[in-house]
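In what follows, a structure is listed as structure tokens, so that the remarks can point back to it.
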Amino acid sequence: MSGVFSSGPQRDAAKNLVSRLPSLSKESNANFTIAYELLPKEKTLTIPNNATAHTRGPLFNVLVLATWEDKDPNKLDVLRNATSELGRIVVQGEKVITEHQNTGYGHYSELQEQ
């Protein structure tokens, strides 16, 4: 699992994700889910930037999740690369948040091993 920030769903990113997902799923023998956490930000944006560790701004978290059934010990590196690639597609399709701004703490920014 990994994540990036987005200003909301972007058409270019969606087209690129839809075109890449089938082949990436086949190559890695895994299933992928991309979830945009589209929650209201009005209350969050009233808190000053220096009040907590989480970044402030009109950003939404995007979760990139991979699931698989086999027990291949080498699968984790393959899926780490795949989820990173899908996150980059979201970032590169972003029209509001620059790639430079798309770093730092996010709810889903670290890979969670099972």
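The values are calculated or read from the model by the stated rules, or taken from the named source; none is laboratory data. Because the structure is a prediction, the values reported are computed rather than measured. We place every Cβ from the backbone using ideal geometry, glycine too, and count neighbours over all the protein chains shown. Remember, those area values only see protein heavy atoms, side chains included, never the ligands or the DNA or RNA. Shrake-Rupley method; radii C 1.70, N 1.55, O 1.52, S 1.80 Å.
Some notes on this structure:
Results for (1) out of contact with any strand residue (DSSP E or B) (no Cβ under 8 Å at 6 or more places or on another chain); (2) free of Cβ contacts under 8 Å to residues at least 40 places away in the same chain; (3) open to solvent by less than 60 Å² (accessible area, probe 1.4 Å), shown as yes or no for each residue.
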{"site": "Gln10", "(1), (2), (3)": "yes, no, yes"}
{"site": "Lys26", "(1), (2), (3)": "yes, yes, no"}
{"site": "Ala35", "(1), (2), (3)": "no, yes, yes"}
{"site": "Leu45", "(1), (2), (3)": "yes, yes, no"}
{"site": "Pro58", "(1), (2), (3)": "yes, no, no"}
{"site": "Leu63", "(1), (2), (3)": "no, no, yes"}
{"site": "Asp70", "(1), (2), (3)": "yes, no, yes"}
{"site": "Asn74", "(1), (2), (3)": "yes, yes, no"}
{"site": "Leu86", "(1), (2), (3)": "no, no, yes"}
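- Single match in Gln92, Gln101 (criterion: open to solvent by 60 Å² or more (accessible area, probe 1.4 Å) and touching an Asp or Glu at 6+ places or on another chain (Cβ under 8 Å)): Gln92
- Check on Thr83, among the β-branched types (Val, Ile, Thr) and at pLDDT below 90: no
- The one condition in (1) surrounded by 13 or more Cβ atoms within 10 Å (Cβ to Cβ); (2) free of Cβ contacts under 8 Å to residues at least 60 places away in the same chain; (3) hydrophobic (A, V, I, L, M, F, W, C); (4) part of a helix (DSSP H, G or I) that Val18 fails to fulfil: (1)
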